[in-house]
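For reference, the structure is listed below as structure tokens.
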Amino acid sequence: MLKTLTQIGRIGIVTEPAPLAEAAWRVREQLTADILGVLGRALCIRHVDAGSCNGCELEIHALNNPYYNLEGLGIKFVASPRHADMLLVTGPVSKHMESALKRVYDATPDPKLVVAVGACGKGEGIFCPSYAVRGRVADVIPVDVEVPGCPPSPEALMRGIAAAIQTRTRAKA
């Protein structure tokens, strides 16, 4: 034991160099800095499913798993639009959800951000055009950022949220 402690004292603890940061982690760091710089507190998101197939919802739920840990970045999902800073809207807007989406948008306090998620939210999905669909999210409410993909990856969703926060930063300047 004494021999081992002497060797540790002479050489020091030998470890591998830290790995380089992945692109997703750099997005996380930038997102955290942007949120604190703009809001100074947690970003509150209200998710609205306007008629999607739930593929985008699975990716949004993945944002809360331990790997992405969105809440650790200062982003949380809220149940009421009255507590939200951002609306995350998935799917094309169905005829039955049009008035509900407008009410949610009106209930969200200003200044609010809207992110349309997925190909359907952009009006490019398999459900558009259809007799039961009003169209893309931007046809019903104003949209700040559209996130492409069917479904978009969690990294793409984080980039879309970051882009929306940056639009608010530019609006402040």
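Bear in mind these aren't lab numbers, they're just calculated from the coordinates by the rules spelled out. Every value quoted in this text rests on a predicted model; they were computed, and no experiment measured them. Cβ sites come from the backbone with ideal geometry, for glycine too, and all protein chains shown count toward neighbours.
Hey, could you get me the Stokes-Einstein D for the chain, Kirkwood radius over alpha-carbon pairs, 4 °C and 1.567 mPa s, rounded to whole µm² s⁻¹?
Stokes-Einstein gives a translational diffusion coefficient of 74 µm²/s.
Give me CYS150, CYS128 ranked fewest to most by other Cβ atoms within 10 Å of their Cβ, as a rough exposure proxy.
CYS150, CYS128
Search the structure for amide H atoms under 5 Å from the amide H of HIS47, placed 1.01 Å from N in the peptide plane, and list their residues when 5 or more places away or on another chain.
Here the answer is VAL78, LEU88, since their amide H atoms fall under 5 Å of that of HIS47.
Helix-only estimate, please: 222 nm mean residue ellipticity of the chain, summing -39500 (n - 2.57) across DSSP H runs of length 4 or more and dividing by its residues, to the nearest 500.
It comes out at -12000 deg cm²/dmol, rounded to the nearest 500.
Expected output is a single nm value to one decimal: the length gained when fully extending between HIS96 and TYR131, i.e. 0.36 nm times separation in residues minus the C-alpha distance. What is it?
11.4 nm
So what are the ³J(HN,Hα) numbers for segment 112-121, from phi and the Karplus equation (6.51, -1.76, 1.60; θ = phi - 60°), rounded to whole Hz, Gly and Pro as x?
10, 10, 10, 10, 8, 9, x, 5, 5, x
What distance in nm separates the simple spin-label points at ASN64 and LYS76, each placed 7 Å from Cα in the Cβ direction?
The answer from the label model is 1.2 nm.
Among HIS83, HIS47, HIS96, rank each residue by its count of other Cβ atoms within 10 Å, from fewest to most, as a rough exposure measure. Provide the component values of the computation, followed by the final result.
Values: HIS83 14, HIS47 19, HIS96 11.
By the 10 Å Cβ count, ascending: HIS96, HIS83, HIS47.
Please order ASP144, ASP110 by the number of other Cβ within 10 Å, starting at the fewest.
Fewest to most other Cβ atoms nearby, the residues stand as ASP110, ASP144.
Show me 52-62, 156-166, 69-79 ranked by packing, highest mean number of other Cβ atoms within 10 Å first.
Ranking, from highest mean packing down: 156-166, 52-62, 69-79.
I need the calculated FRET efficiency for the pair VAL14 and ASN54, taking r as the beta carbon distance and R₀ as 45 Å, to the nearest 0.05.
Plugging the Cβ-Cβ distance into 1/(1 + (r/R0)^6) gives 0.35.
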